[in-house]
Amino acid sequence: MTVDEMLKEMPSKLNKDKADGLNVVIGWNLTGDEPGEYTLTIADQTATIDPGISDDAAATLTMDSDDFKALQTGELNGMMAFMSGKIKLDGDMTSVMKIQGVFEN
């Protein structure tokens, strides 16, 4: 599955119960075989993915597109990837922590 295909599926995989009350904007800067920039917005129990990184993003995560795919499928643990330097964070870590576990694999 490609990054674009995964991103298109993400909104439908949002666990609305876990996202209740969550209002967060996160940017992704993907490098590697499938580079691109995207913004995830979660508000009112709805997730949207838009091209580019929004000025409203509380944080931007930079990672290889293969690591992004592994993260989305559950093959890669986000915290371990961050600790090992596979994910670089620019911005508010608390906002990123809020999105952990709100999507079904």
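The values are calculated or read from the model by the stated rules, or taken from the named source; none is laboratory data. Note that the coordinates shown come from a computational prediction; the quantities given were computed from them, not determined experimentally. As a convention, Cβ positions derive from the backbone with ideal geometry for all residues, glycine included, and neighbour counts pool all protein chains shown.
Scan the range 1-53 for residues that are under 19 Å from Lys88 (Cβ atoms), of a type outside the set (Val, Ile, Thr) and not in a strand (DSSP E or B) and report the count.
Looking only at that region, the number is 5.
Which residues, taken from the range 47-65, are out of contact with any Leu (no Cβ under 8 Å at 6 or more places or on another chain), among the charged types (D, E, K, R) and under 19 Å from Thr2 (Cα atoms)?
Asp50
Considering only the range 64-74, I want to know if a residue exists there that is under 17 Å from Phe103 (Cα atoms) and of a type in the set (Phe, Trp, Tyr).
yes
Among the residues of the range 53-105, which ones are over 19 Å from Asp33 (Cα atoms), modelled with pLDDT under 95, of a type in the set (A, V, I, L, M, F, W, C) and crowded, with 17+ Cβ neighbours inside 10 Å?
Matches in the range 53-105: Val96, Ile99, Val102, Phe103.
Restricting the search to the range 69-105, which residues are assigned to a loop (DSSP other than H, G, I, E, B), without any contact (Cβ under 8 Å) to a residue 24 or more places away in the chain and not polar (S, T, N, Q)?
Selection gives Glu75, Leu76, Gly85, Lys86.
Return the only residue of Asp56, Asp66 being assigned to a helix (DSSP H, G or I), touching a residue at least 24 places away in the same chain (Cβ under 8 Å) and more than 13 Å from the chain's Cα centre (by Cα).
Exactly one residue qualifies, and that residue is Asp66.
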